[in-house]
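I have placed the structure first, in the form of structure tokens, so that the comments after it can refer back to it.
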Amino acid sequence: MKLKIAAVGFTLSLSLFSCASSQTNLQSTTTSPQDTEIQAIQSKSEKAFKELEEEFQPSKKPLLSNNTTSANQEKKTERETEQAIENAPKFTSGKIIFKECAYGKDQKDARTTAIKRLSQDIISNVNALEIAQKSLNRGKISREYFSQTKIGTRTILKGIRFQDIGRTPEGYKVCAVLTEKGLKETISYLKTTLNRNLIDLPKTELEKIKEQAFILLSLAESTNDRETVNFASQKLKEIDKFLNFGRLYVNSIPSEATIIIGNKKYASGKTILLKPEREYFITIKANGYKTIRKKIYLGRGEKRTLSVELPKIVKGDIPIAIETNVNFINNIIEKSLIDSGFKVSKDADNKLTVKVKDFTSNVNEYTKHQLEVTATLYAKGKPIVRKIGKMKPFFTTEATENSVLKTKIEKLTKAVVNSLLNNIDPKQLGGGEE
């Protein structure tokens, strides 16, 4: 039997109560085979809905896809590299550390080939490869990894100089030169790039930083600069850790809550680095609020955000009655009230109403759900505060609808009710004193 949700609406005067909306995007805290199956259903059904909706949409200018955006960004980077090669100064003097010559149809062509060869020489440093491999946990670095040398070319351009030989029978000849001064400029640039907070960088940015760390290692190893070799090796370990460890971000209300994982304490709003592929029990606590405990699983390289609003503890043993349009959420509401210090009573003058709406549509064997929960608190028949929570649309089949829908409603209800209770002035309910 399908779960039926009644749609109930309110029209209340804004002068009588404060109305606040909260968009709640709740994530499951554990991963199971059932979750995997549901995620597969979600993916397939989202595609089915998208295809159907596009059939009825008026024609409009297509937006750039991620692939198109990436391609455009890559072309922009290539143009910038070409311009940097063209504008690079000529070699005049200085102690040469690296040098590679090449022929081309013209100066631009010869310069491009010469700097690619020089770049390839640097990043093919065998000793640097061995040092890098020892610095990494799961990630791998090989010469093939840098075969295109785009990052290497752009980075080495910071200190490159060109020696134009000119037209020869074999073609236009140019030598790419990295002098002692140019090498110092390049190393200084790389150190500055790497010497920053990396923990909040996205995976794609970390991969680029990883490449630059290896280039720095290669340059330093080629010149036997042990201090820089150690610096680059440490950065490779750090980046590898960020790429492979799980990253947890806890956003709490109140913001001064303390996050406890194991025997360690963390501040809310900070990224927490955790060993991957294991479960963690997380405690969130703050003075004047009920402590909440959650269990999560973090996969390798997984980034999770946990948003929690702690229930405020109210003094005074204030009685509140409950009214809902979905029976199975009564226990959740009652527990939230009791946890916040209220007393649940059928005959109370104060009343908390919770209405659940489920806006659905169907495509083939899939059902799209858009949940909305509205919680309103009345004091002696007058509304004093309301909270509305909406959940990101999700999809079910006939076989999964009841179990999935029930779980989603319970989670959204708990979040909305806790948010509402945190915005109550006990004096409006005839309490607040012990």
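Brief remarks follow.
- Taking the 1.4 Å solvent-accessible surface of the range 182-230 as the whole, the part contributed by carbon and sulfur is 45%.
- Anisotropy class of the range 87-128 from Cα gyration tensor, a/c 1.5 cut: oblate
- Other-chain or far-sequence residues with amide H under 5 Å of residue 252's (modelled H): 269, 308
- Using a Förster distance of 60 Å, the FRET efficiency for residue 365-residue 317 (Cβ separation, nearest 0.05): 0.75
- Under a 5 Å amide H cut-off, with hydrogens placed 1.01 Å from N, residue 97 pairs with 178, 179, 180 among residues at least 5 apart or on other chains.
- Theoretical gain in end-to-end length, residue 93 to residue 335 [0.36 nm per residue, Cα-Cα removed]: 79.2 nm
- Accessible area per residue, Å², the range 371-411 with all protein chains present, probe 1.4 Å: 40
- Accessible surface of residue 243 - all protein chains present, 1.4 Å probe, nearest 10 Å²: 20
- Alpha-carbon centroid distance for the pair the range 390-405 / the range 254-287, whole angstrom: 30
- At a probe radius of 1.4 angstrom, the accessible area of the range 197-353 per residue rounds to 49 square angstrom.
- Protein accessible area in the range 244-328, 1.4 Å probe - carbon and sulfur %: 45
- A Förster distance of 35 Å, applied to the separation of the beta-carbon atoms of residue 192 and residue 300, puts the FRET efficiency at 0.70.
The values are calculated or read from the model by the stated rules, or taken from the named source; none is laboratory data. Being a predicted model, the structure only gives us computed values, none of them experimental. With ideal geometry, Cβ positions are generated from the backbone for all residues, glycine too; neighbour counts draw on all protein chains shown. The accessibility values were calculated without ligands, DNA or RNA, using every heavy atom of the protein model including side chains. Shrake-Rupley method; radii C 1.70, N 1.55, O 1.52, S 1.80 Å.
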